Amino acid sequence: MEWYTILLLVMGALLGMMMLGVPILFVLGAIDVVLVVFMWGRPGFFMFGSVPFGEINNFVLLAVPLFILVGELVVHSRINRDFFEMANAWVGGLPGGLAVTTQFMSTIFAAISGASTANTVIIGSVATEELLKRGYDKRLTAGCIVAGGSLGMLIPPSTLMIIYGVLNQVSIGHLFIGGVIPGIVISALFVTYILWVAIRHPERALPATGITWSIRWRSLWKVWAVLLLVAVMLGAIYTGLATPTEVGALGALTAMLIAISYRRLNWAMLRAALLNTVRTTGFILWVLVAALLFGRVLTALGVTQALTEHVANLPLPPWGILLLVNLLLLVLGALMDPAAIVAVTSPILVPIMTQLGYSPLWFGIVFMVNMELAFLTPPFGLNLFILKSIAPPQMGMDDIILGALPFMLLLLLGLGLVMVFPALTTWLPSTMG
Amino acid sequence: MKQPATPLRLFGRLAALVERVNRLAGLGAGLILLGMVGMICREAIGRYFFDAPTDWVVELSGFLLVGIVFMGGGYILQEDAHLRVDIFYTRFTRRNRAIVDLIGYLMALPFLGFLEWQSALLAWRAFGYSERSMIMRWPVYLPELFVPLGVALLLLQMLIQIVRAIGALRERQGG
Amino acid sequence: GGPLPAPFSGAQPVLAATTLKAQFFLPKGHPLSKHLEQIYADIEKATNGEVKIQSFYASELVPLRQALDGLSNGTLDILVGPGNYYSGKIALGDISIMPLNFKHYTDRARAFYNEGIGKILNKVYSKHGIEVVAPYNYFTGEVVIVRKGVSVNSLADLKGLKLRVAGGELVQLVKALGAEPVFIAPPELYTGLQRGTVDGAIFPSNDLVLLKLHEVSSTVLLPDYIFSGPMMHFFMFNKAAFDGLSAANRQAIEKVLHQAALQDDRNSEGQLVAPFQAKAEAAGVKYVTLSAADIAASKAATDAARNAYIKYNTEQGNGAEAHQILNILDRLTAR
Ligand code: NA
Ligand code: NA
């Protein structure tokens, strides 16, 4: 059998089984077994022993549970709610004010939470109700929340970037910093769109009324919790108090102390936050183990190398291949979970991009922006599902998808900007060496 | 009076036990995480404010992460939290869902079997050679045991789900 | 180990060729990896193409810490790397990176081949199904680097500093110098130095520039042999795979590697130390050599590290071999 036959069979089986609804871990695991047993043989068996312990015993991966826990604690201690009330008191009175508030909040909380799903929960559990209550258009509300939520994995910290960095040996610190400017640019695109809608169709985004200066001043004290959390996490990295991995622990501790000060910390709340974190961390890192095995086995069999050479030698300019790859990721993104896409495809795609002369750091950010779309694109759009599960019943799936549509186009525009202007990604990391 | 031990009742008791153990393992993983938050804060704060870094935090927290991930495996399956594409799955009938579940379990069993066998072997060799960790010179087989233990918990949970899925199939056939 | 299944061995399979899977821990573009690639090519040539080497970098096949097990098992046929990564299993290999291991670059091949360290190592490695066929000497020593804002000119200045180390005997050295060993992951070292999470690190002198740490460092403390003299990594083969080669091919490989070791002993200082030092100095890094008095005073600290070496090896039942090796090293260092 030639390498491409193997690859096609593997990809076919992967997609077919996954579409049926078989968990991705099981599909990848079965393929690992088939490849090792039938293609590599006895010497490959040890991979099943060495990869799980060898890869998960990695200090850098500690950031995954720690940052997920921070997000969980923020929701369970309702820090997000207080922040929203403050922001609304100050800018809610402007055209589209509440929606802009939501965007602003998404960007701030993206700097605390490690994942887009977590960010969507943080934003959605507060903003959905508030926006609908004040007469905001259902679709604008939905789009604004799912899109803002997706910033969670582009603005650091980012669990997906950690997975990408670990799989492809790219500096996680550089990836984190590389996501900052694209994250802000995309956030600015969202805000611009919201303002445009609010001005052209004032009935879709009514300004809040009845906000007095006394409400504004009184709301200010509520924001100390978020400011403290952001200050501790960014400050700890900046002053050298903690490494980027360790800072998740300081964030979790701070969030717990805030919850204590509000008298909101109790065993039931802590238990729920811990169990949710164990679940999310577990499924991400189990899939990572299976994917690392997959990548290492393909490397051992020479498939990755052969594919890299072939794709690099296609009669297409490098940017043509880059566009094709992005198209592939968009299609996969409509069907699969972003963590699984990064795990399965990046070990194959990154060598190709490197061979074509693209930097793996820059491609990582392109990949991440593309994956932001994956959180929104139906039929499998995680943020759509999350919003549906927390929104009131009058907001249907059709409202959510149609509401997300303009934001998907904006994300495509953002993706184009990141590809056309690599400096957006590479400038900040280059200043840190 | 004790109820007669029919196979069904026995299975029910066994399943309840396994699920209980897995819930406890999941909570245990959560508590380890909480401990890890404390350890890492101790390391960062001690190092920065008191010039008192530790030698044990980095090595121990890497080992404990293995515990958090693998000890939670059975619990994750119990909660049906493994990532899946559910475009069609949610629209399937109960029976078809049971079929897809069974396919998935059959695909996973050899994989989990290999993980169990080879990771147990890794720990066994480390034990045999008295392998020590790099910094603290702790026995390495102890953290390595998290993997075969966690995979075993997942396997047990899976066996129960398999029996249930088969039950769901037969139920429909009967009715 | 053994050959790959036919479909994967390339477009034009050469008859009777054996393909060996070789793993190195550094990434593909690293100068030390490129140098290794040349040695592999020499092996293919010397065996008339009968031995082919399928090379893997950045531990992309078996995870770094499990690679020695992978070699024992035959998942890998060749593992190139320092012995101290596998210290928990075979602490004898810690001489790869250890205080006062080698004073002169040319001591390495001499120790391995002429003084019998190769034979002593193999007495222990063979129990794990591994043969240390040759040293890999295209390496520098390790130095202390210190971040900007901290200045060191003497051993006394190291007292109380937080120094990043990887583990092993260097931990004892740092403690004996009155500094605090800190363990942070290598990817976090740059920001660690920049932000002052650590004050310095013990690090290979060429990687200082390759990882751009010179941008955030003020001083490099010499001489290197106090922290670790020129490193001696190993070409480790799966014993069954090596013994499975024809006698002629085994000899050809041994010869290529022996010549490479001698050549690397001569060249690595000039090629790996001087150019990188020039770059770092141009960026404002100061290179400070300890005074003779300080070098003499460092004896107590290096002794602590060497006692740990004896202790670890005694625990593994190889205390006698550890003593033999240290005696050889001392004899060479005294010259
Ligand atoms: Na984030
Ligand atoms: Na999608």
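Summary of computed values
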{"quantity": "A:Val230 β-branched (Val, Ile, Thr), away from every other protein chain (no Cβ under 11 Å) and closer than 30 Å to C:Asp199 by Cβ", "calculated": "yes"}
{"quantity": "In segment C:49-75, residue nearest to C:Gln324 (Cα to Cα) [restricted to those that are in a loop (DSSP other than H, G, I, E, B) and more than 8 Å from every other protein chain (Cβ to nearest Cβ)]", "calculated": "C:Ser59"}
{"quantity": "Test result for C:Val198, under 30 Å from C:Lys311 (Cα atoms) and within 19 Å of the chain's Cα centre (by Cα)", "calculated": "no"}
{"quantity": "Out of A:Ile163, A:Ile123, A:Ile108, A:Ile177, sole residue that is more than 16 Å from ligand 2 (Cβ to nearest atom), in contact (Cβ under 8 Å) with a residue 60 or more places away in the chain and within 30 Å of A:Pro393 (Cβ to Cβ)", "calculated": "A:Ile108"}
{"quantity": "Within segment B:7-112, helices (runs of 4 or more DSSP H) holding 3 or more residues that are within 30 Å of C:Glu169 (Cβ to Cβ)", "calculated": "B:7-50, B:57-71"}
{"quantity": "Given (1) surrounded by 14 or more Cβ atoms within 10 Å (Cβ to Cβ); (2) part of a strand (DSSP E or B), number of the condition C:Tyr287 does not satisfy", "calculated": "(1)"}
{"quantity": "Enumeration of residues in segment A:342-387 that are β-branched (Val, Ile, Thr) and more than 16 Å from ligand 1 (Cβ to nearest atom)", "calculated": "A:Val344, A:Thr345, A:Ile348, A:Val350, A:Ile352, A:Thr354, A:Val366, A:Thr377"}
{"quantity": "Pair list, Cβ under 6 Å, 6 or more apart: segment A:224-251 residue closer than 20 Å to A:Phe83 by Cα, other residue in a helix (DSSP H, G or I) and polar (S, T, N, Q)", "calculated": "A:Leu229/A:Thr254; A:Val232/A:Thr254"}
{"quantity": "Residue in segment A:163-171 that is within 21 Å of B:Cys41 (Cα to Cα), surrounded by 15 or more Cβ atoms within 10 Å (Cβ to Cβ) and not hydroxyl-bearing (Ser, Thr, Tyr) present", "calculated": "no"}
{"quantity": "Per-region count, segment A:239-275, residues within 7 Å of another protein chain (Cβ to nearest Cβ) and of a type outside the set (D, E, K, R)", "calculated": "13"}
{"quantity": "Criterion: more than 16 Å from ligand 1 (Cβ to nearest atom) and at pLDDT below 85 - qualifying residue of A:Ile321, A:Ile401, A:Ile390", "calculated": "A:Ile390"}
{"quantity": "Single unsatisfied condition, B:Leu122 versus (1) in contact (Cβ under 8 Å) with a residue 40 or more places away in the chain; (2) assigned to a helix (DSSP H, G or I)", "calculated": "(1)"}
{"quantity": "Identity of the residue in segment B:125-175, among the basic types (Lys, Arg) and part of a helix (DSSP H, G or I), that ends up farthest from the other protein chains (Cβ to nearest Cβ)", "calculated": "B:Arg170"}
{"quantity": "Close pairs from segment C:236-248: first without any contact (Cβ under 8 Å) to a residue 24 or more places away in the chain and among the charged types (D, E, K, R), partner assigned to a strand (DSSP E or B) and surrounded by fewer than 20 Cβ atoms within 10 Å (Cβ to Cβ), Cβ under 6 Å, at least 6 apart", "calculated": "none"}
{"quantity": "Residue match in segment B:59-67 (condition: facing chain A (nearest Cβ under 7 Å) and among the aromatic types (Phe, Trp, Tyr))", "calculated": "yes"}
{"quantity": "Of all residues in segment C:23-48 being buried (at least 20 other Cβ atoms within 10 Å of the Cβ) and among the polar types (S, T, N, Q), the one that is farthest from the other protein chains (Cβ to nearest Cβ)", "calculated": "C:Thr47"}
{"quantity": "Residues of segment A:368-393 that turn out to be within 8 Å of ligand 2 (Cβ to nearest atom), assigned to a helix (DSSP H, G or I) and surrounded by 24 or more Cβ atoms within 10 Å (Cβ to Cβ), as a count", "calculated": "2"}
{"quantity": "Cβ-Cβ under 7 Å pairs, at least 6 apart or on other chains, segment A:364-377 side within 14 Å of another protein chain (Cβ to nearest Cβ), far side near ligand 2 (Cβ under 10 Å from one of its atoms) and not in a helix (DSSP H, G or I)", "calculated": "A:Phe375/A:Gly381"}
{"quantity": "Spans of helices (runs of 4 or more DSSP H) in segment A:1-70 with at least 1 residues within 7 Å of another protein chain (Cβ to nearest Cβ), touching a Cys at 6+ places or on another chain (Cβ under 9 Å) and farther than 14 Å from A:Phe294 by Cα", "calculated": "none"}
{"quantity": "Sole exception among (1) over 28 Å from B:Val140 (Cβ atoms); (2) within 14 Å of chain A (Cβ to nearest Cβ) for C:Tyr138, by number", "calculated": "(2)"}
{"quantity": "Test: A:Ala339 is hydrophobic (A, V, I, L, M, F, W, C), under 24 Å from the mean Cα position of the chain (by Cα) and either within 16 Å of ligand 1 (Cβ to nearest atom) or in a loop (DSSP other than H, G, I, E, B) (or both)", "calculated": "yes"}
{"quantity": "Flag for A:Val344 being within 14 Å of chain B (Cβ to nearest Cβ) and either crowded, with 24+ Cβ neighbours inside 10 Å or hydrophobic (A, V, I, L, M, F, W, C) (or both)", "calculated": "yes"}
{"quantity": "Filter pass, C:Leu121 being modelled with pLDDT of 95 or more and assigned to a helix (DSSP H, G or I)", "calculated": "yes"}
{"quantity": "Selection count where residues are crowded, with 21+ Cβ neighbours inside 10 Å and of a type in the set (S, T, N, Q), scope segment B:33-66", "calculated": "1"}
{"quantity": "Residue within segment B:5-22 that is small (Gly, Ala, Ser), within 22 Å of A:Asn58 (Cβ to Cβ) and either in contact (Cβ under 8 Å) with a residue 60 or more places away in the chain or within 14 Å of chain A (Cβ to nearest Cβ) (or both) present", "calculated": "no"}
{"quantity": "Selected residue (criterion: nearest to ligand 1 (Cβ to nearest atom)) from residues of segment A:98-111 that are among the β-branched types (Val, Ile, Thr) and out of contact with any Leu (no Cβ under 8 Å at 6 or more places or on another chain)", "calculated": "A:Ile108"}
{"quantity": "Enumeration of residues in segment C:257-313 that are basic (Lys, Arg) and touching an Asp or Glu at 6+ places or on another chain (Cβ under 8 Å)", "calculated": "C:Arg306"}
{"quantity": "Residue satisfying all of: in segment A:394-433; outside any helix (DSSP H, G or I) and away from chain C (no Cβ under 14 Å); nearest to A:Gly381 (Cα to Cα) among these", "calculated": "A:Gly396"}
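Conditions tested, residue by residue: (1) in contact (Cβ under 8 Å) with a residue 12 or more places away in the chain; (2) touching an Asp or Glu at 6+ places or on another chain (Cβ under 7 Å); (3) among the aromatic types (Phe, Trp, Tyr); (4) buried (at least 16 other Cβ atoms within 10 Å of the Cβ).
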site: A:Trp267; (1), (2), (3), (4): no, no, yes, no
site: A:Leu275; (1), (2), (3), (4): no, no, no, yes
site: A:Gly282; (1), (2), (3), (4): no, no, no, yes
site: A:Leu285; (1), (2), (3), (4): yes, no, no, yes
site: A:Ala291; (1), (2), (3), (4): yes, no, no, yes
site: A:Leu314; (1), (2), (3), (4): no, no, no, no
site: A:Leu323; (1), (2), (3), (4): no, no, no, no
site: A:Asn326; (1), (2), (3), (4): yes, no, no, yes
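The values are calculated or read from the model by the stated rules, or taken from the named source; none is laboratory data. Quick caveat: nothing in here was measured; it's all calculated off a predicted structure. For neighbour counting, all protein chains shown are included, and Cβ atoms are generated from backbone atoms with ideal geometry for every residue, glycine included.
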